[in-house]
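The values are calculated or read from the model by the stated rules, or taken from the named source; none is laboratory data. Note that this is a predicted model, so its numbers are computed, not measured. Every residue, glycine as well, gets a Cβ built from its backbone with ideal geometry; the counts of neighbours run over all protein chains shown.
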Amino acid sequence: MTAHEPSTQEQDVTHILTVDHQDMLDLIATIQQATTVEQRRDAADTVIAEVMRHSVAEEMHVYPAMEKYLPNGAEEVEHDKKEHDELVEVMKRLEDVDADSEQFMSLVRQFEEKLRHHASDEEDDQFPELRNHIPLEERIELGRKVEQAKSMAPTRPHPNAPHSELFHKTVGVGVGMVDRLRDKLTGRNTQ
């Protein structure tokens, strides 16, 4: 980090989420370049956990801000929630497939396509709008809240879980704790 670059806690939420997108896409590239089944599975488990943490944090903090500040915020949020559902469905299938199969790699390609589309929607359309409508101080505070939420969020896809701020702030914390315990007990890589 350079002297003029803000620390993670001082970063605008749009910067944090953009870095997350790139990290997730880098993990997908790791899966595609892996030379062993174990490397594929570890990278897949890690990217699944990262996408879940990112998505939950958005649903808890970013989506309510979009609904509040953006002229078409409610519609944008509904669109994003549908994309999250599509990602969760692919991630759930990816969890249950042998990493040595062609079906696994086919799902990885679907996952990458959906993730790239979702990231592009946010980075090209929604993040500029957030920067235009939300003051920097508030975006930095949203960034802090997103980072905190990611530390407690579930690490596994839960297809039937609602995309609501209330659910994530109440039940979701317990689900995240159970996921992290399961990860530890099974040796699942999520970092």
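Would you check which residues across the stretch 92-119 are closer than 15 Å to VAL51 by Cβ and free of Cβ contacts under 8 Å to residues at least 12 places away in the same chain and list them? So that I can check it myself, show each step before the final result.
Step one: of the stretch 92-119, the residues closer than 15 Å to VAL51 by Cβ are 92-95, 107-108, 110-119.
GLU113, the sole residue that qualifies.
From the list LEU166, LEU185, LEU136, LEU181, which one is at pLDDT 75 or above and of a type in the set (A, V, I, L, M, F, W, C)? Explain how you work it out, then say what you get.
Details: LEU166 fails: at pLDDT 75 or above; LEU185 fails: at pLDDT 75 or above; LEU181 fails: at pLDDT 75 or above.
Only one candidate qualifies: LEU136.
Look at VAL175 and say whether it is assigned to a helix (DSSP H, G or I), of a type in the set (A, V, I, L, M), surrounded by 17 or more Cβ atoms within 10 Å (Cβ to Cβ) and at pLDDT 95 or above.
On the way: assigned to a helix (DSSP H, G or I): yes; of a type in the set (A, V, I, L, M): yes; surrounded by 17 or more Cβ atoms within 10 Å (Cβ to Cβ): yes; at pLDDT 95 or above: no.
No, not satisfied.
Find the helices (runs of 4 or more DSSP H) located wholly in the stretch 20-113 whose residues include 1 or more that are of a type in the set (Gly, Ala, Ser) and closer than 26 Å to GLY187 by Cα, and list them. Show your work before the answer.
Values: elements: 37-57, 63-69, 73-95.
Counting at least 1 such residues, we get 37-57.
Restricting attention to the stretch 123-142, report how many residues are surrounded by 17 or more Cβ atoms within 10 Å (Cβ to Cβ) and in contact with a Ser or Thr (Cβ under 8 Å, 6 or more places away or on another chain).
Number of matching residues: 3.
Among the numbered criteria (1) closer than 23 Å to HIS158 by Cβ; (2) touching a Gly at 6+ places or on another chain (Cβ under 9 Å); (3) modelled with pLDDT of 95 or more, which single criterion is violated by VAL90?
(2) is the only condition that VAL90 fails.
Step by step: first the residues of the stretch 56-72, then only those that are surrounded by fewer than 22 Cβ atoms within 10 Å (Cβ to Cβ) and among the charged types (D, E, K, R), then the one that is farthest from PRO154 (Cα to Cα). Which residue is that?
If we take residues in the stretch 56-72 being surrounded by fewer than 22 Cβ atoms within 10 Å (Cβ to Cβ) and among the charged types (D, E, K, R), then LYS68 is farthest from PRO154 (Cα to Cα).
All but one of (1) surrounded by 13 or more Cβ atoms within 10 Å (Cβ to Cβ); (2) modelled with pLDDT of 95 or more hold for GLU75; which doesn't?
Evaluating GLU75 over (1) surrounded by 13 or more Cβ atoms within 10 Å (Cβ to Cβ); (2) modelled with pLDDT of 95 or more leaves (1) as the failure.
Hey, among the residues in the stretch 19-63 that are under 18 Å from GLU95 (Cβ atoms) and among the hydroxyl-bearing types (Ser, Thr, Tyr), which one's nearest to the chain's Cα centre (by Cα)? Break it down into steps so the answer makes sense when it comes.
Kept after step one, since they are under 18 Å from GLU95 (Cβ atoms), are these residues of the stretch 19-63: 24, 27-28, 30-32, 34, 37-56.
Among the residues that remain, those that are also among the hydroxyl-bearing types (Ser, Thr, Tyr) are: 30, 46, 55.
Values: THR30: 17, THR46: 11, SER55: 4 Å.
Taking the candidates together, the pick is SER55.
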